[in-house]
C-alpha cells in the first residue's frame, strides 16, 4: 500500500504532466535480427515546469511493461477516488 | 552488421579441432559472439596452442557465424547444419551447431534489449498526496499523484548517465486523461492480437 502524504503546497510547484501522446508500433527488423516481430508502446510526455516552460520526454516500453504501467495508473485512480 | 560467411571462415573454424576440450570450444564460441578483443585472441592462442594471428581469424569467423545465425534466426539443427560446406569436419560441425542452438535464445533476448530504441522504461513509482493547504488557499483537500519514471537510454552519450528520472505531479483530470489514452492503447492491442 503506498503511503499517502498530507502536506502543504510549497511555493515551488513540482512539474506537471500536461499531455501524453502515444504510439503502438511493431519492430520488424534490425541490423542484428532480420525478423523481430516485436510490438512496443512509445509515449511522448509533455511536462510543464513551474516557470511555464514545456519540455518533452520520449520513452518506449514492451507490451508486458505497458500492461503493468496501465495497471499502476488504474491503482492510482482508485486511490485518488478514496481520498 | 550481418556479414556473409566465406570459405575462408570455414577454414578458420576448423582451427577449433585444436581445442583441448569441448568446453574450450564452447567458451570461445560464446565469448567471440559478444566481442572480438585482443585479450580473447591472446587467451585463445594460449588455450589452443596456435599463433595469435590464427586465433584472431578464428574468433572473427566465429563472430561472423554466430551473428549470421542470430540475424537469420536459424533455430533448427537442419537450418544451422545447412550453413556449413559439405566437406566440413562432421563431428565439429555437430558440436558447433549444438553450441549455437544452446546459446541462440539468450543471444536473441540480449539483441532485442540492446537494439536501437528510445529510452526504455525501467521503473515506475508513485504516491498519492492530499494537499491540505497552499499559499493561496488556506484549507483544502485536493488529491494529487506524484509519479516518478526511470528510463534507461540504450545508446547513452559518452558523458551522460544512461538512467534519467522524470518526476511529475498529476491532477485528477490529468490522470483521467492518461487513463483514457492507456485504455485506447489496450483496445488497439486487443484488436491487433485478435487478427
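Every read-out reported here was derived from the displayed coordinates using simple, explicitly stated rules and does not represent laboratory data. Computed from a prediction, not measured in an experiment: that's the story for all the values here. Every residue, glycine among them, receives a Cβ derived from its backbone with ideal geometry; neighbour counts consider all protein chains shown.
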- request: Please give the calculated 222 nm ellipticity per residue for chain B, where each DSSP H segment of at least 4 residues contributes -39500 (n - 2.57) and the sum is spread over every residue; nearest 500 deg cm²/dmol?
  value: -17500 deg cm²/dmol
task: Let me have the relative contact order for region B:7-114, percent, based on Cα pairs under 8 Å that are six or more residues apart.
output: 31 percent
- line: Exposure-ranked with fewest Cβ neighbours within 10 Å first, A:17, B:62, A:24 stand as A:24, A:17, B:62
message: Please compute the length gained on full extension between residue B:176 and residue B:22, using 0.36 nm multiplied by the number of residues separating them and subtracting their Cα-Cα distance.
response: 49.5 nm
message: If you take every DSSP beta bridge fully contained in the protein assembly as shown, what fraction is antiparallel? Give it as a percent rounded to 5.
response: 85 percent
- prompt: If you find the alpha carbon centre of region B:123-195 and of region B:4-55, how far apart are they in angstrom?
  reply: 49 Å
Label zone at residue B:114, where the point sits 7 Å out along the Cα-to-Cβ direction: region B:52-85 residues whose backbone N lies under 18 Å: B:59-74
query: Taking the Cα atoms only, what angle lies between the long axis of helix B:52-71 and the longest principal axis of chain B, rounded to 10 degrees?
result: 50 degrees
Quotient of C-alpha Rg and 2.2 N^0.38 Å, computed over the protein assembly as shown: 1.41
- prompt: Working out 0.36 nm times the residue gap between residue B:102 and residue B:161, then minus their Cα-Cα distance, what length gain in nm do you get to one decimal?
  reply: 17.8 nm
query: Where does each of A:44, B:40 land when they are ranked from fewest to most other beta-carbon atoms within 10 angstrom?
result: A:44, B:40
field: Packing-based exposure ordering (other Cβ within 10 Å, fewest first) of A:40, B:72
entry: B:72, A:40
- prompt: Quick one: if the Förster radius is 35 Å, what FRET efficiency do residue A:71 and residue B:34 give, using the C-beta to C-beta distance and rounding to 0.05?
  reply: 0.50
